[in-house]
Amino acid sequence: MRRRREPPAHERRDPVGVILAGGKGTRMGGSKAVVKLNGRPLISYPLEAMWRALGSAAIVAKIDTELPSIAGVTVWIEPDEPRHPLVGVVHALGLAEGSPLMVCPVDLPFVSANLIRAIADTEPGDARAVIATCRGRTQPLLGCYQPEALGSLAGALKHPEVPVREAVAELDPVGKEVNDPDELFNINSPDDLLQAAAMVDRRRVPRTTRR
């Protein structure tokens, strides 16, 4: 087996960070990006974490995606069709100009900068992606994709019925274990939003010092 030569450190390119916001948000009644969690747009949480981890971040969305006004953030407009979570990944890989792509979905309010940085810093070896895993389950939309992943993912979009996890499994990704399951809590419905609000309140309560 021919192994890919790892480039010297000085040749490695920093990953480009993007927030995936092109979903329809049907169960939320519209764009998740503008849904308010604790008075803030939902997208502001992963966007802040990505910015702290990598020093920059862009948003990938459809042309008709409703977004809050966020100064200084570039928005990349992905194709209207097909409607598939990987469309944003494929489009952003094409714009990343050969750099790895660190992606995070819009609906992960508790993802941390430390986790994003840890995924981005994990050496992929021969794999074409490093993705978050927790207790045996993967979150392929929180991961760092190598430029070599573009062809395979673009090919998967020719069959939009293919699930995201199945398409990403073809990349033989490296898994990065997530210690705190809350970091992968995603908001898909109003009930999830209520649960997230309770989680925010719970995280604010200081732990009582044992005597």
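Only the coordinates and a few stated rules stand behind these numbers; no lab work does. Predicted, not measured: the structure shown is a model, and the values here were computed from it. We place every Cβ from the backbone using ideal geometry, glycine too, and count neighbours over all the protein chains shown.
Take the Cβ atoms of SER189 and THR122, set R0 to 45 Å, and the FRET efficiency comes out at 0.90.
A straight line joining the Cα centroids of segment 163-186 and segment 52-75 runs 23 Å.
Among the GluC sites (Glu not before Pro) in segment 118-167, those located in a DSSP loop and surrounded by at most 10 other Cβ atoms within 10 Å of their own Cβ are GLU161.
Take the Cβ atoms of ASP14 and ALA198, set R0 to 30 Å, and the FRET efficiency comes out at 0.25. Which of ILE119, ILE63, ILE131 moves the most in a Gaussian network model of the chain with Cα springs under 10 Å? Judging by the Gaussian network model, the answer is ILE63. For trypsin sites (Lys or Arg not before Pro), the sites in segment 39-138 that DSSP calls loop and that have at most 15 other Cβ atoms within 10 Å are ARG83, ARG135. Placing pseudo-labels 7 Å out from each Cα toward the beta carbon at ARG137 and ALA71 gives an inter-label distance of 4.0 nm. Compactness of segment 77-165, taken as the C-alpha radius of gyration over 2.2 N^0.38 Å, stands at 1.06.
Overall dimensions of segment 15-201, expressed as equivalent-ellipsoid semi-axes from the Cα gyration tensor (√(5λ), whole Å, largest first), are 23, 19, 16. How would segment 1-121 be classified by its alpha-carbon gyration tensor: rounded, prolate or oblate, with rounded meaning a/c under 1.5 and the a/b versus b/c comparison settling the rest? It is prolate, given that a/c is not under 1.5 and a/b is the larger ratio. Among GLY23, GLY143, GLY39, the largest mean-square fluctuation in a Gaussian network model of the chain (Cα springs under 10 Å) belongs to GLY39.
Summarising the label geometry, the points placed 7 Å from Cα in the beta-carbon direction at ARG52 and LYS24 lie 3.5 nm from one another.
The magnitude of the dipole of the chain, with charges of +1 and -1 set on the Cβ of Lys/Arg and Asp/Glu and taken from the Cα centre, is near 760 debye.
Between ALA154 and GLU97, the C-beta separation translates, for a Förster distance of 22 Å, into a calculated FRET efficiency of about 0.85. Among MET102, MET28, MET50, the largest mean-square fluctuation in a Gaussian network model of the chain (Cα springs under 10 Å) belongs to MET28.
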